[in-house]
There are 4 protein chains.
Amino acid sequence: MQLNFNSPIPIYMQMVDEVKKALARGELAPGDKIPSHKEQAQISKVNPNTVQKAYQEMEREGLTETLRGQGTFIKNDPTMLIQIRSEMAQAAVRQFIDEMQGLGMVPDEMERMLHEGLHPKGKKGGNNRDET
Amino acid sequence: MQLNFNSPIPIYMQMVDEVKKALARGELAPGDKIPSHKEQAQISKVNPNTVQKAYQEMEREGLTETLRGQGTFIKNDPTMLIQIRSEMAQAAVRQFIDEMQGLGMVPDEMERMLHEGLHPKGKKGGNNRDET
Amino acid sequence: MQLNFNSPIPIYMQMVDEVKKALARGELAPGDKIPSHKEQAQISKVNPNTVQKAYQEMEREGLTETLRGQGTFIKNDPTMLIQIRSEMAQAAVRQFIDEMQGLGMVPDEMERMLHEGLHPKGKKGGNNRDET
Amino acid sequence: MQLNFNSPIPIYMQMVDEVKKALARGELAPGDKIPSHKEQAQISKVNPNTVQKAYQEMEREGLTETLRGQGTFIKNDPTMLIQIRSEMAQAAVRQFIDEMQGLGMVPDEMERMLHEGLHPKGKKGGNNRDET
DNA sequence: GTGGTCTAGACCACA
DNA sequence: GTGGTCTAGACCACA
């Protein structure tokens, strides 16, 4: 759970995002129990109110469900996972393209820069499908 | 000057960013006068103080210089332009990669998704260097 | 916190200076919490925004650090103290010399006048190392 | 005429000060004609209004007198010179002492620091009356 | 309560 | 008109 306390993005939003990413990465699976908001608050060195707000937001978005007295659980909906993953990825792609367009970059430049970013010192001619 | 009033990112920061982008795009050139903070406030429907905060931040970052009573000008440093453009682009690349990695994407997937984002209906095989 | 409301030097700058002096004098120590900007505003009979501007300037100069919701603290860097003290003292010396040179004073005159300023009615011959 | 356009001290005040210093240094003598405010404005790259304000202030302080159609002249009062010189010097001394006291410096330290500032690499023991 | 952002608007020095 | 400072006060995220 990476949090940036100096970011203007509210911590509770960052938390929701981190949970989504953990889901997308497969580190959290449907049905998993997540720590109580008090526990999570201690782990993240964040005020319990803030965690609670994050949990409420996740519930509102249908990511989790709460069973009173038992805890909060990732919703047992396997399709959701795939959906979140592709939603977030596409949002990232869109944002990247917008940002680069805002800088006056054309598609080729974007692809080239991404490629270089992914393969820092690599020869960029060759067949990039074999690297990584 | 695109501003999102609902974003958690402060308006004054968005303004600094927009000026940087305009510079990167070549819409603003070194030595150009930018509107007075009061004028810009009217244009952007924002409080003059907010614009001033943005302008002061730009000054602090060395983007602009100010002649009291005369106005604020893009600093006459042509190298700055190129630097800002590449800085901002590289930041965007890095952020994109981080975000995608956070979602468990591997480099190939990132490149493929970007390619698809750039050429929505396009055949995705072939030699992408000749399209656009 | 001595403020001169008629000085052309902005209040917020005077405040930064006063904090630096308090540090140099040892009245503020690394790690100390300083009053919230609202509290300080009441104490100094100044608008909270003005105090905040001073605090932000101090942060920008690396004098303080801020924990959101917790307060603003003198940075915990003991070397900073000594550095500030000597920086400010040397700046004062330089300014004094410049000023006096601007008046056509030679070094000896400067030293003599300072000595007299420090020991108003004193015999100025003798060994000044034993006075004070 | 040294002017600092970024100083919070108004330019017209800086101008008055510079004239006083020139007087103290003997670069301007009683009875001397000083440039017209328009001329001076061009020389100093300052708005004529600003120079005029400086000249008015000097007149108000009894430094100069204006003969209509002839120009502005340093007042023909030789005692004034000496008075200004010692006034300004004493003000500088007082300010220096205050500043250093504000930093917690004791008189000896002030004298030593001034001495070192005046004789940068010099041996500080010996008889400083013979140096310079 | 604490810091951060923002609006609304006054007044000043300077061009 | 232009930038700079300041007051007054609202609202928000977070502790």
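The values are calculated or read from the model by the stated rules, or taken from the named source; none is laboratory data. Computed from a prediction, not measured in an experiment: that's the story for all the values here. All Cβ positions, even for glycine, are placed from backbone atoms using ideal geometry, and neighbour counts span all protein chains on display. For accessibility, only protein heavy atoms count, side chains too; no ligands or nucleic acids. Shrake-Rupley method; radii C 1.70, N 1.55, O 1.52, S 1.80 Å.
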Residues of segment C:10-61 being more than 10 Å from DNA strand F (Cβ to nearest atom), β-branched (Val, Ile, Thr) and within 14 Å of chain D (Cβ to nearest Cβ), in sequence order, are C:VAL16, C:VAL19
State yes or no: is C:MET88 under 22 Å from D:GLN101 (Cα atoms) and touching a residue at least 24 places away in the same chain (Cβ under 8 Å)? yes
If I go through segment D:9-35 residue by residue, how many of them are open to solvent by 50 Å² or more (accessible area, probe 1.4 Å), within 16 Å of DNA strand E (Cβ to nearest atom) and part of a loop (DSSP other than H, G, I, E, B)? 1
Of the candidates C:GLN52, C:GLN70, C:GLN40, the one satisfying the condition of being on the phi < 0 side of the Ramachandran plot and touching a His at 6+ places or on another chain (Cβ under 6 Å) is C:GLN52
What are the residues in segment C:93-117 that are at the interface with another protein chain (Cβ under 7 Å from one of its Cβ atoms) and surrounded by fewer than 16 Cβ atoms within 10 Å (Cβ to Cβ), if any? C:ARG94, C:VAL106, C:ASP108
Residue list for segment D:1-42, restricted to those being of a type in the set (Asp, Glu) and under 12 Å from D:MET58 (Cα atoms): D:ASP17, D:GLU18
Being under 17 Å from the mean Cα position of the chain (by Cα), surrounded by 13 or more Cβ atoms within 10 Å (Cβ to Cβ), of a type outside the set (Lys, Arg) and in a helix (DSSP H, G or I) narrows B:GLN90, B:GLN40 down to just B:GLN90
What single numbered condition from (1) part of a helix (DSSP H, G or I); (2) open to solvent by less than 50 Å² (accessible area, probe 1.4 Å) fails to hold for B:VAL46? (1)
Checked against (1) at the interface with chain A (Cβ under 7 Å from one of its Cβ atoms); (2) of a type outside the set (Val, Ile, Thr); (3) farther than 20 Å from B:GLN14 by Cβ, B:GLN70 satisfies every condition except (1)
Which of (1) more than 16 Å from DNA strand E (Cβ to nearest atom); (2) out of contact with any strand residue (DSSP E or B) (no Cβ under 8 Å at 6 or more places or on another chain) is the odd one out, the single condition D:THR50 does not satisfy? (1)
Report, by residue number, each residue of segment B:53-71 that is closer than 22 Å to C:ASN49 by Cβ, in contact with a helix residue (DSSP H, G or I) (Cβ under 7 Å, 6 or more places away or on another chain) and more than 13 Å from DNA strand E (Cβ to nearest atom). B:MET58
Of all residues making up segment D:81-110, the number that are more than 29 Å from D:VAL19 (Cα to Cα) and among the acidic types (Asp, Glu): 2
Within segment A:43-86, track down each residue that is out of contact with any Lys or Arg (no Cβ under 9 Å at 6 or more places or on another chain) and small (Gly, Ala, Ser). A:SER44, A:ALA54, A:GLY69, A:SER86
Would a scan of segment A:118-126 turn up a residue that is modelled with pLDDT of 90 or more, open to solvent by 50 Å² or more (accessible area, probe 1.4 Å) and within 10 Å of chain B (Cβ to nearest Cβ)? no
